[in-house]
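Dumping the structure here so I can ask a few things about it.
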């Protein structure tokens, strides 16, 4: 069935042609899948000698998979497991990950690790939210040197607009579900980012660090 561009497992059709189309293979979103299903999907991806990324994975499932795939690595902070293939092409430009607060770090690290696995150089600038603007301004040089900037913020999500107003590069805004009641689990931050008057911002879904890292890598590519 390889000539059809996918492998049919009955419960899943693995898009093995995506590496050629997009420059990176299919990524496995783990919530909602049984651990045996994830194991079988991973087996197909690795058989094709593609990089394996398992996003939003639980530690217990990682431990289960580790028995079958000893090379599998795991980031507890990003909730991401992976095996990087040898043919990942290194990129030249640097992706900068900016987070507003410490509570945003899981999503920020998911974006950073995704971009790194895809082959992009990554720098991190954490805990520089709008409650203390001097922390961001002290790192203006780092902002200006980046090829792409990913801004991860919860609460009202204003940091993305501020960063976009300071740089010449594309800004990818990632709203997080961090915040009190009226933040509506990230909806407030998402709407702020979508309504930004600063041009050059693209927003991904709430807590979608992977999507931001993937898109940033495509820009960098």
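Only one of these is over 18 Å from residue 217 (Cα atoms), touching a strand residue (DSSP E or B) at 6+ places or on another chain (Cβ under 8 Å) and crowded, with 18+ Cβ neighbours inside 10 Å: 105, 113, 80. Name it.
105
Might you let me know whether region 14-36 holds any residue that is farther than 22 Å from residue 111 by Cα and touching a helix residue (DSSP H, G or I) at 6+ places or on another chain (Cβ under 6 Å)?
So far as region 14-36 goes, yes, one or more of its residues are farther than 22 Å from residue 111 by Cα and touching a helix residue (DSSP H, G or I) at 6+ places or on another chain (Cβ under 6 Å).
What are the residues in region 32-82 that are within 16 Å of the chain's Cα centre (by Cα) and closer than 18 Å to residue 208 by Cβ, if any?
Within region 32-82, 53, 54, 55, 56, 57, 75, 77, 78, 79, 80, 81, 82 meet the criteria.
Return a yes/no flag: does region 148-165 have any residue that is free of Cβ contacts under 8 Å to residues at least 24 places away in the same chain and touching a strand residue (DSSP E or B) at 6+ places or on another chain (Cβ under 6 Å). Outline the logic, then answer.
Within region 148-165, the first condition is being free of Cβ contacts under 8 Å to residues at least 24 places away in the same chain, and the residues that meet it are none.
Looking for residues that are free of Cβ contacts under 8 Å to residues at least 24 places away in the same chain and touching a strand residue (DSSP E or B) at 6+ places or on another chain (Cβ under 6 Å), one finds none in region 148-165, hence no.
Got a sec? Which of 96, 159, 143, 118 is surrounded by 24 or more Cβ atoms within 10 Å (Cβ to Cβ), at pLDDT 90 or above and over 21 Å from residue 191 (Cα atoms)?
96
Counting only residues that are within 19 Å of the chain's Cα centre (by Cα), outside any loop (DSSP other than H, G, I, E, B) and free of Cβ contacts under 8 Å to residues at least 40 places away in the same chain, which one in region 1-28 is farthest from residue 221 (Cα to Cα)?
Selected residue: 28.
Any residue at all in region 70-77 that's surrounded by fewer than 17 Cβ atoms within 10 Å (Cβ to Cβ) and in the same structural domain as residue 210 (by TED's automatic domain parsing)?
Checked against the condition, which is being surrounded by fewer than 17 Cβ atoms within 10 Å (Cβ to Cβ) and in the same structural domain as residue 210 (by TED's automatic domain parsing), region 70-77 yields no hits at all.
Which of (1) closer than 27 Å to residue 54 by Cβ; (2) surrounded by fewer than 18 Cβ atoms within 10 Å (Cβ to Cβ); (3) in contact with a strand residue (DSSP E or B) (Cβ under 8 Å, 6 or more places away or on another chain) is the odd one out, the single condition residue 127 does not satisfy?
(1)
The values are calculated or read from the model by the stated rules, or taken from the named source; none is laboratory data. What you are looking at is a predicted structure, and each value in this text was computed from that prediction instead of being measured. Cβ sites come from the backbone with ideal geometry, for glycine too, and all protein chains shown count toward neighbours.
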